[in-house]
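The values are calculated or read from the model by the stated rules, or taken from the named source; none is laboratory data. It should be emphasised that the depicted structure is a prediction, and the values quoted were computed from it without experimental measurement. Counting neighbours? That spans all protein chains shown, and the Cβs are built from the backbone with ideal geometry, glycine included. In case anyone asks, the SASA skips ligands and DNA or RNA and just uses the protein heavy atoms, side chains included. Shrake-Rupley method; radii C 1.70, N 1.55, O 1.52, S 1.80 Å.
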Amino acid sequence: MPLIEERHRILNETGKILLEKFGGSFLNCVRKSGKSAQKLMYLVVESFPSYRDVTQFEGKRISFYKRAQILVADTWSVLEGKGDGCFEDISSITMFADYRLPQILVYLGALKYSDKLLKKLLDGVMLSYGDKQEVEIRGCALWCVELIRDCLLELIEKNGEIPNGEINSILLDYYLWDYARDHRDEMKRIPFHRTRCIYY
């Protein structure tokens with residue numbers, strides 16, 4: 001397993017912080033958020049160093065917070081958006097910028113890699129965390145899912161329909177991830193970017 005020593009260190013660090021700051025229960029962390037997905041995400045990022053998925057891009061600070069957003073989304077999902085999991089701003093959470101979603105978005109024609117980048121990915125070249133192309137791939141995939149969500153909401157409104165529940169980037173991410181898993185054989189020709197880090 002890649003980065004096994006680092007993962008072990010993070011598990012110990014996370015457990016220690018959970019015990020010291022939150023009485024050993026993540027539910028205490030959730031309750032401190034005041035039913036805000038954003039507050040919970042920032043509380044996680046501030047409290048647990050391994051969730052600080054932050055890099056620089058063209059001189060600007062870029063925060064993806066992939067794992068922190070998944071944690072918030074999974075908390076919302078497990079609690080079915082009720083009780084402590086009733087986050088009034090859950091739609092502010094974006095998709096989880098990793099390696100699989102860009103692949104499925106390219107497969108579906110929503111994203112397109114340049115010929116140069118496609119060759120690099122097909123050759124299995126590892127992109128460093130924070131590398132310009134790694135950040136661009138993650139950022140473009142995130143923005144693409146936001147645009148898809150906006151188009152869905154626009155179509156629903158245009159057709160005078162009322163959505164049966166929440167439509168947000170979390171649910172789109174879940175759907176696309178499942179789609180990618182179910183169609184992995186057809187997607188083999190589309191490479192995913194390879195980055196070894198603790199933030200994916």
**Study point:** Pair-distance profile P(r), taking every C-alpha pair of the chain, with 5 angstrom steps and integer %
**Key:** 1, 7, 14, 17, 18, 17, 13, 8, 4, 1, 0
**Study point:** Under the span-like rule (Cα at least 30 Å along the axis, Kyte-Doolittle mean at least 0.5), DSSP H helices of the chain
**Key:** none
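Please give the contour-minus-distance gain from Asp182 to Lys16: 0.36 nm per residue of separation, less the Cα-Cα distance, rounded to one decimal in nm.
56.0 nm
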Check your understanding: What whole-number value in Å² describes the accessible area per residue of the chain for a 1.4 Å probe?
Key -> 58 Å²
Point to revise | Highest-fluctuation residue, Arg181, Arg100, Arg61 considered, GNM on the chain with Cα pairs under 10 Å | key: Arg61
Exercise for review: Using only Cα atoms, locate the centre of region 95-137 and the centre of region 14-85, then give the distance between them in Å, rounded to an integer.
Suggested key: 26 Å
Check your understanding: Using a 1.4 Å probe on the protein chains only, how many percent of the accessible area of region 6-152 belongs to carbon and sulfur?
Key -> 56 percent
**Study point:** region 4-87: C-alpha pair distances exceeding 16 Å, %
**Key:** 55 percent
Study note, to complete from the structure: For the Arg52, Asn159 Cβ pair and Förster radius 45 Å, calculated FRET efficiency rounded to 0.05 is 0.60
Practice item. Normalising by the residue count of the chain, find the relative contact order in percent from Cα pairs under 8 Å and 6+ residues apart. Key: 25 percent
Check your understanding: Taking the Cα centre of region 61-200 as origin and charging only Cβ (+1 Lys, Arg; -1 Asp, Glu), how large is the dipole, in debye to the nearest 20?
Key -> 920 debye
Exercise for review: Before rounding to the nearest 500, sum -39500 (n - 2.57) across all DSSP H runs of length at least 4 in the chain and divide by the residue total; then give [θ] at 222 nm in deg cm²/dmol.
Suggested key: -17000 deg cm²/dmol
